[in-house]
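Notes follow once the structure below has been shown.
The values are calculated or read from the model by the stated rules, or taken from the named source; none is laboratory data. Note that the structure is predicted; figures quoted are calculated from it, not measured. Here the Cβ positions follow ideal geometry from the backbone for every residue, glycine too, while neighbour counts run over all protein chains shown. Just the protein is used for accessible areas: all its heavy atoms, side chains included, with ligands, DNA and RNA removed. Shrake-Rupley method; radii C 1.70, N 1.55, O 1.52, S 1.80 Å.
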Amino acid sequence: MSTRYGQFCPVSKAAEVLGERWTILIIRELLLGTTRFNDFQRALSQISPTLLTKRLNQLQECGLVVRKTVPDQRRTEYQPMPAAKELKPIIFGLGKWGMKWARGQMNDDELDVELLMYDLHRRIDATQLPGGRTVIKFLFRGLPKFGHWWIVLENGARELCVDNPGKEIDVHLTTDLRTMAHIWAGDMEIRAAKKTGQLQLTGNPLLIRTVSAWLRPGLFAHVRSHAETLNPERSGRTFHPAPSSTRTRQRSSPNGTFK
């Protein structure tokens, strides 16, 4: 680790391990179940592959992560060690603190459509969906790139795609990035977004009727900001996603599928 404080205090020693840029977010992903290198990149779309490799190697050296080869498959996975797992209440506590105290510091260009969709796809409650395969299509109005997304759930597996997977779509969700960010953050209920037309659904009537059950918001959506608790009228106006022109991405999965 390059960060050194020159103190024997355990807080400073912990900060030396966790204080490097991106490290806490990588641990966040480990604790949320991310194990594959490409998936780390989807969730942390602005980190370079070189820096991601460096940070994962540093975490291995510190005993927080182990790199394993998946049997009978030509790929590797990163698994959290006990030292990383013990960070769960700390990392999640930081998330709650950030939702309560730091949300006013967010800039318009900090919303990432790739992170938003990656988290939405892994938080879908498959137990609330009909059996068999379910294909969900998201269309974000106003995004010149990465405006179309497909989520395919089948036999316990799920895929996030930016190219049409060629499967029959069960339900279409049409909205804008700002609205979906509000829903993810718990600033807007799906019912309200549907009522105002900010979120439109077409397709299977059952999926439309139960969307609030299977499309779960972010992990910290239940935490309200301190400013909002003082002034409830601010509710729903905390997140301000960037205009589409500032969030255009140059990188995409080669085959259009995030697995």
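Table for the structure above
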quantity	calculated
Set K13/K85; K88/K137; K54/K85; K88/K195 screened for pairs whose C-alpha atoms are more than 27 Å apart	K88/K137; K88/K195
The stretch 58-101 shape via C-alpha gyration tensor axes, a/c threshold 1.5	prolate
Charge context of L215, other residues only, Cβ under 14 angstrom, K/R +1, D/E -1	+4
Share of carbon and sulfur in the accessible heavy-atom surface of the chain [1.4 Å probe, %]	52
Pairwise centroid distance, computed over Cα atoms, of the stretch 134-179 with the stretch 1-72, Å	30
Point-to-point label distance, I208-R4, nm (Cα→Cβ direction, 7 Å offset)	6.4
Within the chain: Cβ-based charge dipole about Cα centre, in debye rounded to nearest 20 (Lys, Arg +1; Asp, Glu -1)	80
For the stretch 80-210: rounded, prolate or oblate by the Cα gyration tensor [a/c cutoff 1.5]	oblate
Residue-normalised accessible area of the stretch 117-190, expressed per residue, 1.4 Å probe, Å²	41
Global geometry of the stretch 6-81, whether rounded, prolate or oblate, following the gyration tensor of its Cα atoms and the 1.5 cut on a/c	prolate
Per residue, in Å², the accessible surface of the stretch 20-94 once ligands and nucleic acids are set aside, probe 1.4 Å	54
